1. Name, by its number, the condition in (1) without any contact (Cβ under 8 Å) to a residue 40 or more places away in the chain; (2) surrounded by 22 or more Cβ atoms within 10 Å (Cβ to Cβ); (3) under 21 Å from residue 18 (Cα atoms) that does not hold for residue 51.
2. Can you report the number of residues in region 82-135 which are under 16 Å from residue 30 (Cβ atoms) and either free of Cβ contacts under 8 Å to residues at least 24 places away in the same chain or assigned to a loop (DSSP other than H, G, I, E, B) (or both)?
3. Just one of the numbered conditions (1) exposed (fewer than 13 other Cβ atoms within 10 Å of the Cβ); (2) over 18 Å from residue 44 (Cα atoms) is not true of residue 66; which one?
4. Out of the residues in region 38-48 that are out of contact with any helix residue (DSSP H, G or I) (no Cβ under 7 Å at 6 or more places or on another chain) and outside any helix (DSSP H, G or I), state the one that is surrounded by the fewest Cβ atoms within 10 Å (Cβ to Cβ).
5. Which residue pairs have Cβ atoms under 9 Å apart, sit 6 or more places apart or on different chains, and have a first residue in region 12-27 that is closer than 14 Å to residue 89 by Cβ and a second that is at pLDDT 90 or above and assigned to a helix (DSSP H, G or I)?
C-alpha cells in the first residue's frame, strides 16, 4: 500500500473529530442564541413565564419552576451553562411547561407581539448558519 493510502484512515479520523466538535459548537451557539432572545422577549406580568424557560442537555425538562425571576437572569444563566457544556452528540433543549406559554406566544399579552418564540428560533437558526461544520 502506498504511503498516501496508509494515512487515509488517520485523515478521516481527524476529519470526523473536527466535524463532531463543530457540530457541538453549532448546537451550543444555536441554543445560546435562542435562550438569549426568548427570555427577554417573553412578556412579564408576574415574571413566572420568563422564569420557566429551562435549558437542558439531551432530554427536555417538563418541570415548572416555583422561583420567580422577572428579569429572566436565572433562565439565561442556566442556558449559558448548558450551552457551554455541550459536547459531540449532545442535544440542547429549551422548554417552558407553563400551560399559558402558547397563549402568550399567540399574542394574548400586549407586552409582546405574537410569535416571539418563532422569532427566537429564527435567531438561533441565523447563529447556526455562521458555524461551518468544516473549518
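1. (3)
2. Kept after step one, since they are under 16 Å from residue 30 (Cβ atoms), are these residues of region 82-135: 82-95, 117-133.
Cutting the leftovers down to either free of Cβ contacts under 8 Å to residues at least 24 places away in the same chain or assigned to a loop (DSSP other than H, G, I, E, B) (or both) gives us 86-91, 118, 122, 129-133.
Total satisfying the criteria: 13.
3. Result: residue 66 fails condition (2) only.
4. Restricting attention to region 38-48, the residues satisfying the condition of being out of contact with any helix residue (DSSP H, G or I) (no Cβ under 7 Å at 6 or more places or on another chain) are 40, 45-48.
Of the ones still in play, those that are also outside any helix (DSSP H, G or I) are 45-47.
Working: 45: 11, 46: 9, 47: 15.
It comes out as 46.
5. Final answer for the pair search is 26/127; 26/128; 27/83; 27/128.
The rows are residues; the columns are (1) modelled with pLDDT under 95; (2) more than 25 Å from residue 134 (Cα to Cα); (3) out of contact with any helix residue (DSSP H, G or I) (no Cβ under 7 Å at 6 or more places or on another chain); (4) in a helix (DSSP H, G or I).
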{"position": "18", "(1), (2), (3), (4)": "yes, no, yes, yes"}
{"position": "27", "(1), (2), (3), (4)": "no, no, yes, yes"}
{"position": "36", "(1), (2), (3), (4)": "no, yes, no, yes"}
{"position": "50", "(1), (2), (3), (4)": "no, yes, no, yes"}
{"position": "59", "(1), (2), (3), (4)": "no, yes, yes, no"}
{"position": "80", "(1), (2), (3), (4)": "no, no, no, yes"}
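The values are calculated or read from the model by the stated rules, or taken from the named source; none is laboratory data. These figures come from a predicted structure and were not determined experimentally. Cβ coordinates were reconstructed from backbone atoms using ideal geometry, including for glycine residues, and neighbour counts include every protein chain displayed.
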